[in-house]
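For reference, the structure is listed below as structure tokens.
The values are calculated or read from the model by the stated rules, or taken from the named source; none is laboratory data. These numbers come from a predicted model, not from an experiment. Backbone-built Cβ (ideal geometry, glycine too); neighbour counts: all protein chains shown. Surface accessibility is based on the protein's heavy atoms, side chains included, excluding ligands, DNA and RNA. Shrake-Rupley method; radii C 1.70, N 1.55, O 1.52, S 1.80 Å.
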Amino acid sequence: MSALVTLENVTYQYENAKRYALQDVNVAITANEWVSVIGRNGSGKSTFGRLLNGIVVPTHGTVKVSEFSTHNENEIWDIRKIVGMVFQNPDHQFVATTVRDDLAFGLENLGLAREVMEGRITKYASLIGITPLLEAEPHRLSGGQKQRVAIAGVMAMEPQVIVFDESTSMLDPIGRKEVIDTMQMLHQRGVTIISITHDMDEAVLGSRILLFNEGKIVVDGHPEEVFSQKDVVTELGVSLPFSVELQKLLEKHGISLSETCLTQEELIGELWTLYSAK
Ligand code: ADP
Ligand code: MG
């Protein structure tokens, strides 16, 4: 399949910075992939996200979304219709006094007819499960509810790609689960998910991991492949998923499993196999 998002030799340097935030990044992402982006603080993850919808434009190289380039100012709106962003802090994403007005505000830039706008608000509020919150004041919502409103706002623009930049990191476990369930539902509906995260149990939900270090993609592979290199990953400042960490402890005690287990269910399955073979 042809790529939906392509970065070719992308280097980015912030105006006042001495170092490159990203250096010679090449990557192609196809429609409906779920790509997790991991790496220690300052490794370039958010810059990568910002490049995808033209919030920042490469110092060298090109970012293409579908047939559009972020270098081309008159294509930026076409790109922002395709690539939506959900950020870390749910409180910084609201401008209006009710949820409904906030969703409408986001859509105004698209130049849609009033009925079309209202139709989309109704549809996505229902899909994300926030219909009862439409008349509420955004600041009164819980963290998880706020993030779901932010996601509904992005969804109402009907993007093909959504970049989540640490969108669950400020939420409690309930809010986090709400947002992850929503991400999975969107993925099933065909949306391409790009999930920047510090939570490795979240990172393994995707089918591909990009591990950033000092502005470069140093590992690009399937989660199982990435986390089987336990020492490499740990050296690059990334933690391990809980079940891989547990597996490492088991190995220290002489219990070796044949597969890298990314989830607790897989680990339990492998342990049963080992136990039954005894
Ligand atoms: P991450 O999201 O992985 O923590 P960032 O993309 O935010 O990494 O940062 C990559 C590099 O760019 C870091 O060295 C950081 O200090 C620098 N940086 C990020 N934002 C800015 C900015 N607005 N101005 C200058 N430097 C920045
Ligand atoms: Mg960041």
Please go through segment 7-42 and pick out each residue that is of a type in the set (Phe, Trp, Tyr), open to solvent by 20 Å² or more (accessible area, probe 1.4 Å) and more than 15 Å from ligand 2 (Cβ to nearest atom).
TYR20
Based on this model, can you work out whether ILE151 counts as in contact with a strand residue (DSSP E or B) (Cβ under 7 Å, 6 or more places away or on another chain), closer than 29 Å to LEU262 by Cβ and in a strand (DSSP E or B)?
no
Of the residues in segment 167-215, those that are within 16 Å of ligand 1 (Cβ to nearest atom), open to solvent by less than 30 Å² (accessible area, probe 1.4 Å) and in a loop (DSSP other than H, G, I, E, B) come to SER167, THR168, THR197, GLY215
By residue number, the members of segment 111-135 that are open to solvent by 30 Å² or more (accessible area, probe 1.4 Å), on the phi < 0 side of the Ramachandran plot and in a loop (DSSP other than H, G, I, E, B) are LEU112, ALA113, GLU135
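For segment 50-104: of the residues being of a type in the set (Ser, Thr, Tyr) and outside any strand (DSSP E or B), which is surrounded by the most Cβ atoms within 10 Å (Cβ to Cβ)?
It comes out as THR70.
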